[in-house]
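Notes for the one structure printed next.
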Amino acid sequence: MASHSSVARRELRKAVDADDAVMMRAAEMAEWARNNARVVIIAAVAAAVVVGGALYYRVYKSQRAERAAVQYLQTQMGLPADTTQAIRALSGFASRFDGTTEAAEARLAAAQLWLIKGQPAKAVDEVRPVAEGGTPVADQGMQLMAAALAQQGKRQEALDAFLKLADRTDLQYVKEDALTQAAVLREQANDWNGAAELYQKVAEGMEKGSPDRAIVEMHMAEARAHAGAAPAAPAAK
């Protein structure tokens, strides 16, 4: 049986060996760094460029957003009375500050003016980047694009846009409106079962016994009646 002193010596030797290994590893790394100074310097410079570039981009993006906010206000205040010229001013601003929330708002305004002029196809082209973008007004863009597609006579594309909006939005009232508009489009296509299904989804998100829900349930019952099914019983209150 090993004595306590021999055990202690082995434990001490293990600790010393571990320290030696760490020191040897550190010495090896230092030697490698001396022999590869050029690589180390290049790596350090590259890292500095990446960090500096990211910082510059954040500062640039912030300053650009501030300029966009100021210039969009100026653009709004200086819009001409002529609709065509107003659209040109809004579209020009949107092109200069593409990617900002203000640019998206300018495209929304221009698309609305195209609709007023009775040109839904141009409204769709104007607002599509907003609907498919990532700005806070993307849902408004999708809603306007769907309405313009419907006005253009592209019922299925409008229906798809409304359903996509209902699926992605976090706002309940936007979801309800999108599903209702989609249901109306299905009614126009004589898809009464499909319309009833959408009305049911709208009703399920509403407060039981509320006047709005009662109206939606009435539309759902009418759609089911047109489809040849018995009207649905009112939801329990």
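Averaged over its residues, the range 66-147 has an accessible area of 49 Å² per residue, based on protein heavy atoms and a 1.4 Å probe. Can you work out D for the range 113-237 in µm² s⁻¹ from Stokes-Einstein, where Rh is the Kirkwood radius over C-alpha pairs, the temperature is 37 °C and the viscosity is 0.692 mPa s? Using the Kirkwood radius from Cα pairs, D works out to 217 µm²/s. Taking R0 as 41 Å, what's the FRET efficiency between L79 and E157 from their Cβ-Cβ distance, rounded to 0.05? Between L79 and E157 the formula returns 0.85.
Taking 0.36 nm per residue of separation and subtracting the Cα-Cα distance, full extension of the segment from D170 to E204 would add 10.7 nm.
Each residue of the range 153-159 is assigned a 3J(HN,Hα), and the resulting list reads x, 8, 4, 5, 5, 5, 4 Hz, derived from the Karplus form 6.51 cos²θ - 1.76 cosθ + 1.60 (θ = phi - 60°), x at Gly and Pro. Sequence-ordered 3J(HN,Hα) estimates for the range 115-123 from the Karplus curve with 6.51, -1.76 and 1.60 and θ = phi - 60° stand at 5, 4, 7, x, 10, x, 4, 6, 5 Hz, glycine and proline given as x. As a fraction of the 1.4 Å probe accessible area of the range 132-213, surface on carbon and sulfur atoms comes out at 44 percent.
Considering all C-alpha pairs of the range 111-164, those separated by over 16 Å amount to 31%. Phi angles across the range 208-213 convert, under the Karplus curve 6.51 cos²θ - 1.76 cosθ + 1.60 with θ = phi - 60°, into 3J(HN,Hα) values of 5, x, 6, x, 5, 5 Hz, Gly and Pro given as x.
The values are calculated or read from the model by the stated rules, or taken from the named source; none is laboratory data. Remember, it's a predicted structure, so these values are computed and weren't measured experimentally. Cβ: placed from backbone, ideal geometry, glycine included. Neighbour counts: every protein chain shown. Ligands, DNA and RNA are excluded from the accessible area calculation, which covers all protein heavy atoms including side chains. Shrake-Rupley method; radii C 1.70, N 1.55, O 1.52, S 1.80 Å.
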